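Visitor: Questions regarding the structure given below will be posed in turn.
The values are calculated or read from the model by the stated rules, or taken from the named source; none is laboratory data. Small disclaimer: the values here were computed from a predicted structure and weren't measured. Note: ideal-geometry Cβ built from the backbone for every residue, glycine included; neighbour counts use all protein chains shown. Side chains are part of the model used for accessible areas, which takes the heavy atoms of the whole protein and leaves out ligands, DNA and RNA. Shrake-Rupley method; radii C 1.70, N 1.55, O 1.52, S 1.80 Å.
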Amino acid sequence: MNRRNFIQVFGLGIGAVSLSSTIAGCTVTETTDDYGWNGPGPQQKDIRMQVLSYAILSPNPHNIQPWIVRLTGDKSFDLYVDPARLLPATDPFYRQIHVSQGTFLETLSIAATGFGHEATIDYFPQGIYGNQELLNKPIASIELIPRTDLSPDPLFAHLLTRHSNKREYDNRRLTEAEINTLRDFHGSDNSYPLSIVQSTEAKQQFEQILTKGMQIEVGDKGRDHETISMFRFNDDEVKQYRDGFGVSQAGLSGMKKLIVENFVLSRESVEKDPTAFGEQAVDITRKAAASTATFAWISTPGNSRLDQVKAGRDYCRINLKTTAMRLAQHPMSQVLQEFDEMLPLQARFKKQFAIKDSDTVQMLFRLGRAEATPHGPRRLVSELIRS
Ligand SMILES: Cc1cc2nc3c(=O)[nH]c(=O)nc-3n(C[C@H](O)[C@H](O)[C@H](O)COP(=O)(O)O)c2cc1C
């Protein structure tokens, strides 16, 4: 039984609902259907809403959706970090949150091409801020310019299917041709270095590092609380919050999902004692790493807010390209996190893979093959927009 059938059988479907609201003086109609993954729908004529309906589908940590949009004109808006949607325990300097501003910008600029527009992006128009602070300044000003001479970016076709696939993979390496395709696609001119490894030795090292990373992350009250607060224990929570992640995204469906959600996991018991939940997270990480033969990362020589945003754009493009290539992709960020307890493992990881101490690994992910998983839910675009 797939997710849609499951929802229908148990009467939890939200159906397709058209909502109209007035935002910053303009009337916005949006179809809420399958938690955002049907795209804007043909009735949506506002180019800003069209591209934002895609942008909200961008990858982001814990599916927290840390974006605020302020409309500035008929075809323009500013993007901000949502200060109410941060992950300070696991992402203390908001690096991952800024990487996710980049995934959002990349998705919207690809989406714009699908509607005959070019998205011009002016980064940090009110000035950039330091990489350990978060100021109430826009990440970017975006203007959507109609262009009759523009063809849709080929990645546009994959915006509604891209996802982070957290299942176990089948342990097969990528072919040389696939690796070359990815390297050529990523290029070397304007992008940050992309490293891809798949030796037996690298695999063994990653199995250890990734498992250890999760062991370090769990078992701390603040970090556990942060993860549990974004975990969705059942479909009612998904419906209520339209963010976060749950067992569906790990590949559980049908009866298994029903049993786990009704008899194994409950918010009440996990909040009371997160030990078993943490052990599960370690076990899932160990199995995910052990099922994978190919690992990759994007690193930047600097670590400014702009580096983080641009690395997010690169990551998003690669995720869309692997979607086009029918490959699975999954970020595993624990070892990259900057809280003190993680730093020794991070140093070991860099040493083992000859990454300069001064470089920052912005995204670390596994690649392989696995059946698709259901999408993580998204909020309504109108919830991002502030006047
Ligand atoms: C900066 C960043 C860090 C992430 N880190 C992890 C991670 O450590 N583990 C994980 O399972 N997914 C990670 N993800 C993937 C998110 O969980 C995923 O993007 C989000 O749940 C939305 O799902 P989707 O990508 O399938 O649309 C990360 C994504 C981003 C952009």
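Visitor: Between Lys351 and Asp220, with labels modelled 7 Å along Cα→Cβ, what's the label distance in nm to one decimal, could you check?
Guide: Each label point is offset 7 Å from its Cα along the Cβ direction, giving 2.1 nm.
Visitor: From the phi angles alone, apply the Karplus equation (6.51, -1.76, 1.60; θ = phi - 60°) to region 171-178 and give each ³J(HN,Hα) in whole Hz, x where the residue is Gly or Pro.
Guide: Karplus-based 3J(HN,Hα) across region 171-178 equals 6, 8, 6, 5, 6, 4, 4, 5 Hz.
Visitor: At q = 0.06, 0.07, 0.08, 0.12 Å⁻¹, work out log10 I(q)/I(0) for the chain with the Debye formula, treating every Cα as an identical point scatterer and leaving solvent out; two decimals please.
Guide: Normalising to I(0) and taking log10 leaves -0.22, -0.30, -0.40, -0.95.
Visitor: Continuing with the same structure: What is region 269-345 by shape, rounded, prolate or oblate, if you read a ≥ b ≥ c off the alpha carbon gyration tensor as root eigenvalues and call it rounded for a/c under 1.5, prolate for a/b larger than b/c, and oblate otherwise?
Guide: oblate
Visitor: Another question, then. What does the helix-only formula give at 222 nm for the chain: each DSSP H stretch with n ≥ 4 adding -39500 (n - 2.57), the total divided by the residues, and the result rounded to the nearest 500 deg cm²/dmol?
Guide: -11000 deg cm²/dmol
Visitor: State the antiparallel share, in %, of DSSP beta bridges confined to the chain, rounding to the nearest 5. Provide the component values of the computation, followed by the final result.
Guide: Values: 39 of 42 bridges.
Once the DSSP bridges in the chain are tallied, antiparallel ones form about 95 percent.
Visitor: Taking Lys351 as the anchor, which aspartates and glutamates have their alpha carbon closer than 12 Å to its alpha carbon, excluding any fewer than eight residues away along the same chain?
Guide: Asp359
Visitor: Can you give the Rg/Rh ratio of region 75-141, where Rg is from the C-alpha atoms and Rh is the Kirkwood radius?
Guide: Rounded to two decimals, Rg/Rh equals 1.01.
Visitor: Once a ≥ b ≥ c are taken as the square roots of the eigenvalues of the Cα gyration tensor of region 347-387, is the result rounded (a/c under 1.5), prolate (a/b larger than b/c) or oblate (a/b not larger than b/c)?
Guide: oblate
Visitor: Could you order peptides 250-256, 373-379 by the average number of other Cβ atoms within 10 Å of their residues, highest first? Don't skip to the end; give the middle numbers.
Guide: Working: 250-256: 14.9, 373-379: 21.7.
Output ranking for 250-256, 373-379: 373-379, 250-256.
Visitor: In whole Hz and in residue order, list the ³J(HN,Hα) couplings for region 347-361 that follow from phi through the Karplus curve 6.51 cos²θ - 1.76 cosθ + 1.60, θ = phi - 60°; x for Gly and Pro.
Guide: Once rounded to whole Hz, the list reads 5, 5, 4, 5, 5, 4, 10, 6, 8, 4, 3, 7, 7, 10, 7.
Visitor: Any idea what the dipole of the chain comes to, in debye rounded to 20, about its Cα centre with Lys/Arg Cβ at +1 and Asp/Glu Cβ at -1? Working shown, then result.
Guide: Numbers: 44 positive and 46 negative charges, 114 e Å.
The calculation lands at about 540 debye.
Visitor: By the gyration tensor of its Cα atoms, with a ≥ b ≥ c the square roots of the eigenvalues, what is the shape of region 58-212: rounded for a/c under 1.5, prolate for a/b over b/c, or oblate? Before the final figure, lay out each step's value.
Guide: Details: a/c = 2.21, a/b = 1.32, b/c = 1.67.
Since a/c reaches 1.5 but b/c is at least a/b, the shape of region 58-212 is classed as oblate.
Visitor: To the nearest 20 debye, what charge dipole does region 32-157 have about its Cα centre, counting +1 at the Cβ of each Lys and Arg and -1 at the Cβ of each Asp and Glu?
Guide: With Lys and Arg at +1 and Asp and Glu at -1, about 180 debye.
Visitor: If I ignore ligands, DNA and RNA and count only protein heavy atoms, how much of Tyr241 is accessible to a 1.4 Å probe, in Å² to the nearest 10?
Guide: Number for this one is 100 Å².
Visitor: Could you do me a favour and compute the accessible area per residue for region 43-196, 1.4 Å probe, result in Å²?
Guide: Here the residues of region 43-196 average 41 Å² of exposed surface.
Visitor: Sticking with this structure for a sec: Measuring from the lowest to the highest alpha carbon on each principal axis, how far does region 186-299 reach, largest first, in angstroms?
Guide: Largest first, region 186-299 extends 48, 31, 28 Å along its Cα principal axes.
Visitor: Of all accessible surface on the chain at a 1.4 Å probe, what whole percent is carbon and sulfur? Don't jump to the answer; show the numbers that get you there.
Guide: On the way: 8520 of 16880 Å².
Exposed carbon and sulfur together represent 50 percent of the surface.
Visitor: A follow-up question, please. Distance in nm between label sites at Gln240 and Glu268, each 7 Å beyond Cα in the beta-carbon direction?
Guide: Distance between label points: 1.3 nm.
Visitor: So how many Lys-Lys pairs in region 152-261 land under 19 Å Cα to Cα, not counting same-chain pairs under 8 apart?
Guide: 7
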